[in-house]
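Structure first, commentary second.
A short reminder: the numbers here are calculations on the coordinates, not readings from a lab. Quantities reported herein were computed from a predicted structural model and do not represent experimental measurements. Cβ placement follows ideal geometry from the backbone for every residue including glycine, while neighbour counts extend to all protein chains displayed.
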Amino acid sequence: MGVPVVLVHGLRVSGSMWRAQVEFLREQGREVVAPDLPGHGERRGEDFSLGRAVDAVLDAVDGVGGRCLLVGLSLGGFVSIAAAAASPGRVAGLVAASCTARPAQSLAQVYRIPAALLEVLPDKGLSVNERFHRLTLPDEGADAVLDGGLAMEAARSVIDEIADMDVLGALGAYPGPVWLVNGARDHFRIHEKRFMDACAEGRLVNVPRAGHMVSLDQPVNFSRLVADAADVVDVREARRAVEGGGEQARVLEGPAPG
């Protein structure tokens, strides 16, 4: 079956956004899960914090055997980076998509303003966001997003939590392979070089004709990128098992005779 895959969604949306990737990877025989973060999807009403989000991701990793390829987009990318730094032994590889903008209070303020404006609308901006997704995404992608509901109320707490995150420090604390994936038209590409420099072992992939929601703009291409990353991790995991077995054998045998 190969390494399992855990997919972590973005702000306001839920695990349903990964429908195309779940179907693609399962057709390849991989185990794949897409949990909802606190305050989103089936967990709406729960308080969001970065710590709770990391716990939710690591619980999902434990549910598929305790080691996985971890894939996150936007908010999910930041949470996945934090989870990989907190527990690198559970993360065989990391795909961080649409999140190469270093969080800061000044940048967060740009997102707090529209969030506050939406909150004064009778439906908290739900209809505006639904129309936006219908207009900007392929029909299948819009359906995948909207079927899980939009947690409009989650925006402000998420922005406040992520604004103070030391994402480059967390990324540098993870020793495994990292794929930084962005849509070529994504405004979150602004610190790509800093993110690459922070990686112990990084790769940068820009997907043509895709924006911030790269997995939905280009679902087939993104799914193939994840599958390719999983194949690379499979090879590394097999090598790790062989090397670990050889080391264990040497320990059992004891020192070579002099």
| task | Find how much the distance from Leu204 to Asp139 grows on full extension, using 0.36 nm per residue of separation minus their present alpha carbon separation; answer in nm with one decimal. | result | 20.6 nm
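Relative contact order of the chain, please, whole-number percent, based on alpha carbon pairs below 8 angstrom and at least 6 residues apart.
23 percent.
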| request: Would you work out which of Ala241, Pro103, Ala92 lies farthest towards the positive end of the dipole of the range 5-253, given +1 charges on the beta-carbon of Lys and Arg and -1 on that of Asp and Glu, about the Cα centre? | output: Pro103
| request: Using the 2.2 N^0.38 Å rule of thumb for compact globular proteins, work out how the chain stacks up: its C-alpha Rg over that value, please. | output: 1.05
| remark: The answer for the net charge of residues other than Gly169 whose Cβ lies under 14 angstrom from its Cβ, with Lys and Arg +1 and Asp and Glu -1, is -1
| field | Cβ-defined net charge surrounding Val226, 15 Å radius [Lys, Arg +1; Asp, Glu -1] | value | -2
| Any idea what diffusion coefficient the range 24-94 gets from Stokes-Einstein, in µm²/s, Kirkwood Rh on alpha carbon pairs, 25 °C, 0.890 mPa s? | 197 µm²/s
